[in-house]
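The values are calculated or read from the model by the stated rules, or taken from the named source; none is laboratory data. The structure displayed is predicted, hence computed values, not measured ones. No Cβ is skipped: glycine too gets one built from the backbone with ideal geometry, and neighbour counts run over all protein chains shown. Just the protein is used for accessible areas: all its heavy atoms, side chains included, with ligands, DNA and RNA removed. Shrake-Rupley method; radii C 1.70, N 1.55, O 1.52, S 1.80 Å.
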Amino acid sequence: MRVFSNPVGPGSLWFDNLTTAEGTPVAYDPQARAFVPMPPFCANREVIGCNWIAPEQGAFCRACAMTALAPDPAIPDAIPNWATTEAAKRWVLDNLGRWHWFRPEDPGAPPVFHLLAEGHTPVAMGHVEGVVTISVAEANPVLSTTRREALDEPYRTMIGHMRHEIAHMLWWRLSLREDFLDAFRAMFGDERVDYQAALQHHYNQGPPADWKSRFLSSYASSHPHEDWAETAAHLLHLTDITDSFVAAGLWSPELPGANWDPYAEPDAEKLIYAAASLAMGVNHINRSMGLSDLYPFVLSGVAQRKLAFVHHWLRRGAQGW
């Protein structure tokens with residue numbers, strides 16, 4: 001994620017800022033990729049702290065307008081959890097916008113979001129034909145940690161959920177192209193294999209013994225759909241780690257050059273090498289503070305080829321070239 005210029009004075013702004021350091025209200029314009037100091041602001045600004053601009057006074061911003069179902073405010077903590085969830089959604093949508101997904105120049109359908117609070121029963125997160133369902137309860141760090149440990153997952157965050165579930169939607173969009181499915185099946189396998197049966201086998205039997213040599217996560221081994229979603233999410237993780245590193249003014253000899261733009265890099269191998277090198281370095285820094293690794297994954301040769309495949313399609317897919 002970029003670091004942004006202050007439109008009304010010195011200093012920088014971060015992606016989630018609502019005001020400058022001096023207290024001037026600002027909002028993010030996702031089309032210009034810049035902050036502006038004037039309305040119209042999103043109608044959700046006072047409700048959940050949305051800091052994007054709207055097309056007109058009283059309207060929702062581009063991101064909030066994609067939410068067809070919002071959580072029931074009567075459920076405890078629903079509103080603050082919703083605010084955190086929408087913030088993660090805006091982050092991921094802006095990442096994907098660097099490759100033209102879900103912007104005005106994208107001729108395809110945007111995602112529709114059902115963001116649901118959990119009452120007495122959990123919300124099943126997933127995607128069906130353009131609709132992405134997310135449990136806002138996972139914004140609660142205690143619940144998220146509990147589920148991460150119960151499922152033996154090394155990484156579980158709301159941005160991670162957004163990247164994974166939107167990746168399913170991206171697959172659905174790409175599957176409408178005649179040239180995608182054959183290439184996908186050659187790389188990931190046949191997604192027409194019974195999904196529910198494959199998941200049940202995964203949960204009952206666990207992943208194959210050699211999953212680390214072929215997949216980015218054990219869950220990715222359960223079905224080609226999940227392999228795609230995990231791989232696409234990891235591509236977004238790695239690209240944004242690298243972009244944020246560069247935007248923060250940091251430098252490493254592993255970078256291709258000064259002011260390098262990872263989202264504009266056409267060479268997937270170069271991008272993945274730089275991202276993995278930076279991630280290992282930041283992992284080492286985290287350990288100095290007794291924290292978990294920022295990126296606790298190993299990239300096998302097969303996983304890198306899958307990442308390169310996803311990189312190719314996500315860079316070209318939104319506008320159909």
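The amide H of Ala27, built 1.01 Å from its N in the peptide plane, has Val36, Met38 as neighbours under 5 Å, considering only residues 5 or more places off or on other chains. Counting only protein chain heavy atoms and rolling a 1.4 Å probe, the accessible areas of Trp260, Trp52 rank, largest first, as Trp260, Trp52. Averaged per residue, the chain has 47 square angstrom of accessible surface, using a 1.4 angstrom probe with ligands and nucleic acids left out.
Its relative contact order, with pairs defined as Cα atoms under 8 Å and 6+ residues apart, puts the chain at 14 percent.
Which aspartates and glutamates does Lys89 reach when only Cα atoms under 12 Å apart count, and residues fewer than 8 places away in its own chain are ignored? Those aspartates and glutamates meeting the cut-off are Asp16, Glu165.
Counting only protein heavy atoms, what percent of the accessible surface of the chain is carbon or sulfur at a 1.4 Å probe? Don't skip to the answer; put the middle values down first.
On the way: 8620 of 15240 Å².
It is 57 percent, rounded to a whole number.
Applying a 4.7 Å Cβ-Cβ cutoff to the chain leaves Cys64 as cysteine residues with no disulfide-compatible partner. When Val123, Val8 are compared by accessible surface with a 1.4 Å probe, the order from highest to lowest is Val8, Val123. Applying 0.36 nm per residue to the separation of His284 and Lys270 and subtracting their alpha-carbon distance, the gain on full extension is 2.9 nm. Can you tell me, using C-alpha contacts under 8 Å and at least 6 residues apart, the relative contact order of the range 176-320 as a whole percent? Once divided by the residue count of the range 176-320, the mean separation gives 26 percent. How many percent of all Cα-Cα pairs in the range 176-320 sit more than 19 Å apart? Summing the P(r) tail past 19 Å for the range 176-320 gives 57 percent. The residues Leu294, Leu255, sorted by heavy-atom accessible surface at 1.4 Å with ligands and nucleic acids left out, run Leu294, Leu255 from largest to smallest.
Once the Cα gyration tensor of the chain is found, what semi-axes does its equivalent ellipsoid get, as square roots of 5 times the eigenvalues, in whole Å, sorted largest first? Walk me through the intermediate numbers first.
Working: eigenvalues 181, 119, 87 Å².
In descending order, the three semi-axes are 30, 24, 21 Å.
If both residues of a DSSP beta bridge must be in the chain, then about 55% of such bridges are antiparallel.
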